[in-house]
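Derivation of every value follows stated rules applied to the coordinates shown; laboratory data play no part. Bear in mind that the values here come from a model prediction, so they are computed numbers and not experimental data. Neighbour counts are summed over all protein chains in view; Cβ atoms, including those assigned to glycine, are modelled from backbone coordinates with ideal geometry.
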Amino acid sequence: MDNFEGVTLPTHVAIIMDGNGRWAKQRHLTRVEGHIAGMDAVRDIVTTTSELHIPYLTLYAFSKENWARPKEEVKGLLELLGIYLEQELPLMMEKDIRFNVIGEKKDFSKRLQSELNGVIQKTGKNKSLLLNIALSYSGRKEILNAVRAILDDAKKGLVNRVDERTFKKYLYTNSIPDPDFLIRTSGEMRLSNFLLWQMAYTEIYITDMLWPDFRKDAYIEALREFTRRERRFGGVKEN
Ligand code: FPP
């Protein structure tokens with residue numbers, strides 16, 4: 001495997017998988033065909049993450065805002081998600097990957113919810129890599145939901161003081177470390193409502209490469225860049 005000996009890889013990689021539409025357009029294909037190619041890239045990146053023993057990977061697959069896309073595209077994306085779950089379950093079991101969803105699962109059809117829950121349950125004891133897929137996800141909504149839940153618990157007398165540690169417990173990512181590395185493909189320089197609380201100190205890497213083209217070699221290059229960054233968390237570098 002690629003030599004990362006003696007350097008620190010990220011513990012939690014988050015990825016905004018952008019550019020499937022542009023990739024398809026360049027090839028005179030439909031947007032859904034772009035997403036199909038994007039699914040192959042997902043497999044490549046998940047496999048590589050597992051081979052590198054990075055323990056957490058969070059992929060932004062479908063934002064709350066994505067519901068506003070043309071009906072045909074939304075339908076295609078949801079179908080693909082079903083196919084993904086069925087196709088990738090063996091790989092998840094083989095590589096000891098635990099599957100999880102962050103976002104509002106309740107927005108999906110009962111059938112898709114039960115497919116998602118099935119894979120979450122079947123992979124529930126796997127330990128090597130936690131694969132979070134963000135679905136119907138909005139960072140602002142996640143924060144608002146946390147505030148509402150805290151107010152409810154406060155009324156019940158279960159919370160009487162809120163600090164960062166308490167707040168984190170109310171997020172989807174309550175039990176895992178914040179991402180230390182964010183990758184965004186296809187050149188846009190925005191967070192797009194992704195993990196707003198969690199990414200306060202995350203190193204950001206943006207590549208012009210479109211998501212379906214972002215494969216193992218490009219990922220390794222991005223990770224290499226991470227290993228060269230100095231992380232200060234707002235403090236002063238120690239010598
Ligand atoms: C952004 O490209 C991509 C998405 C909105 C969907 C991401 C989906 C996949 C990578 C495939 C399915 C993955 C799983 C896990 C089932 P875009 O359509 O915004 O591209 P554009 O900006 O070029 O139009």
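Enter the per residue convex hull volume of the range 3-67, computed from alpha-carbon coordinates, in Å³ rounded to the nearest integer.
104 Å³
Could you give the nm distance between label points at K216 and F233, where each point is 7 Å from its Cα heading toward the beta carbon?
Taking the simple label geometry, K216 and F233 are separated by 3.4 nm.
Show me the ranking of peptides 121-128, 155-162, 98-105, 221-228 by mean Cβ neighbours inside 10 Å, starting with the highest. Intermediate results must be reported in sequence, preceding the final value.
Values: 121-128: 12.6, 155-162: 9.6, 98-105: 19.4, 221-228: 15.1.
Top to bottom by mean Cβ count within 10 Å: 98-105, 221-228, 121-128, 155-162.
Let me see the P(r) profile for the range 88-183: every Cα-Cα distance counted, bins of 5 Å, each bin given as a percent of all pairs.
Values per bin, smallest distances first: 3, 11, 18, 19, 18, 15, 10, 4, 1, 0.
Please report, largest first and rounded to whole Å, the three semi-axes of the ellipsoid equivalent to the range 66-117, where each semi-axis is the square root of five times an eigenvalue of the C-alpha gyration tensor.
Values for the range 66-117, descending: 22, 13, 9 Å.
Please provide three numbers in whole Å: the alpha-carbon extents of the range 185-236 along the principal axes, with the largest listed first.
36, 27, 14
If I model the chain as equal point scatterers sitting on the Cα atoms and use the Debye formula, what is log10 I(q)/I(0) at q = 0.08, 0.15, 0.16 Å⁻¹?
The Cα Debye sum returns log10 ratios of -0.31, -1.12, -1.27.
Once phi is turned into θ = phi - 60°, what whole-Hz ³J(HN,Hα) does the Karplus curve with 6.51, -1.76 and 1.60 give for every residue of the range 142-147, x standing for Gly and Pro?
Going residue by residue, I get 4, 5, 4, 4, 5, 4 Hz, with x marking Gly and Pro.
What FRET efficiency, computed as 1/(1 + (r/R0)^6) with R0 = 22 Å and r the Cβ-Cβ distance, is obtained for R111 and R69, rounded to the nearest 0.05? Kindly include the intermediate steps, with their values, before the conclusion.
Working: r = 20 Å, r/R0 = 0.93.
Efficiency at R0 = 22 Å is approximately 0.60.
With the Cα gyration tensor of the range 1-127 giving a ≥ b ≥ c as the square roots of its eigenvalues, does the rule (a/c under 1.5 for rounded; else a/b larger than b/c for prolate; else oblate) give rounded, prolate or oblate?
Values: a/c = 2.00, a/b = 1.30, b/c = 1.54.
Judged from the Cα gyration tensor, the range 1-127 comes out oblate (a/c at least 1.5, b/c at or above a/b).
Can you list residues whose amide H is under 5 Å from R215's amide H, if they're 5+ apart or on another chain and H is modeled 1.01 Å from N?
So R215 has HN proximity to no qualifying residue.
Roughly what % of Cα-Cα distances in the range 115-239 sit above 25 Å, to the whole percent? Could the numbers behind the result be given before it?
On the way: 3296 of 7750 pairs.
Of all Cα-Cα distances in the range 115-239, 43 percent exceed 25 Å.
Running a GNM on the chain with Cα contacts under 10 Å, which residue among L91, L151, L195 ends up with the highest mean-square fluctuation?
With Cα springs under 10 Å in the chain, the top fluctuation among L91, L151, L195 is at L151.
Please quote Rg/Rh for the range 119-171 to two decimal places, taking the Kirkwood radius as Rh and restricting both calculations to Cα atoms.
Ratio of gyration radius to Kirkwood radius: 1.10.
So how much slack lies between R43 and S192, counting 0.36 nm per residue of separation and subtracting their Cα-Cα distance, in nm? Working shown, then result.
On the way: separation 149, 0.36 × 149 = 53.64 nm, distance 2.30 nm.
Taking 0.36 nm per residue and subtracting the Cα distance, the gain is 51.3 nm.
What's the Cα-based Rg to Rh of the range 156-198, Rh via Kirkwood? Let's see the in-between values first.
Details: Rg = 14.4 Å, Rh = 12.8 Å.
Ratio value, two decimals: 1.12.
If you split all Cα-Cα distances of the range 144-217 into 5 Å bins from zero, what percentages do you get per bin, shortest first?
3, 13, 20, 17, 14, 11, 8, 6, 4, 3, 0
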